[in-house]
1. Tally the residues that are farther than 23 Å from residue B:64 by Cα and assigned to a helix (DSSP H, G or I), restricting the search to the range A:56-97.
2. Check off (1) modelled with pLDDT of 85 or more; (2) surrounded by 18 or more Cβ atoms within 10 Å (Cβ to Cβ) for residue B:58 and give me the number that stays unchecked.
3. I want to confirm something. Restricting to the range B:131-152 and keeping residues that are at pLDDT 75 or above and surrounded by fewer than 20 Cβ atoms within 10 Å (Cβ to Cβ), which single residue is farthest from residue B:54 (Cα to Cα)?
4. For residues that are over 15 Å from residue B:153 (Cβ atoms) and modelled with pLDDT under 85, scanning just the range A:43-72, find the one that is nearest to the chain's Cα centre (by Cα).
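The values are calculated or read from the model by the stated rules, or taken from the named source; none is laboratory data. Treat the numbers as computed from the prediction; the structure is a model and nothing was measured. Cβ sites come from the backbone with ideal geometry, for glycine too, and all protein chains shown count toward neighbours.
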């Protein structure tokens, strides 16, 4: 396994651990960003290895989707906060109360 | 020389990511994530794609982190009641144990050393990359692909590009519509 794959995999696993182990929604969002960074590193390295610009196109699209996901996630968190609800994921057991 | 910078950036990214996991406060966690994303941007640059590295710095390390900090300021709580990995959401936690765990994980909470370490590490990596000279495109790579990226994005991937552009537009609409309006 190449060093770039190891780093990408480590970033993904640490991000996954953050999502699974942290309670606050904002902290979980940070973990998601880390997972996306790991995927980006692996995709870019593989695109360089195979000389495929399609891999880089996928990376650009993934970064754009990550930005959109962060914006929507933060909007939802702020909406929950303004609605007087907790930012803990455990308190969001129902879609509608 | 360039390989050394690559290994240094990889080690830094993993270190700051692991540090982020143990931060009880959201500001410190965001600082660690920022450091990890900057190290990942160095990795992308050294892997042969300066354009993607630039996008990573501008979008992820810049825009998204600014949004996260604004969200933390808006919610008004920096401390993480869930503490470190020892506690899970939904578990009944005794108050005394919570304080004890919080103090234990607070040992790792250090925003200023993280910022100083990030700047130092970035300086060393840039210095190594400059000493190596040449164009980026490194460590097993076949050189820069950035010049062919535009043709691919608006060629075979045109539909996906348009879909992502629409997604970004909808996300901007969600941001403009405002969280307060939905709460009311």
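1. 2
2. (2)
3. Step one: filter the range B:131-152 for residues at pLDDT 75 or above, giving B:147-152.
Now drop any that are not surrounded by fewer than 20 Cβ atoms within 10 Å (Cβ to Cβ), which leaves B:147-148, B:150-151.
Numbers: B:147: 14, B:148: 16, B:150: 15, B:151: 19 Å.
Result: B:151.
4. If we take residues in the range A:43-72 being over 15 Å from residue B:153 (Cβ atoms) and modelled with pLDDT under 85, then A:48 is nearest to the chain's Cα centre (by Cα).
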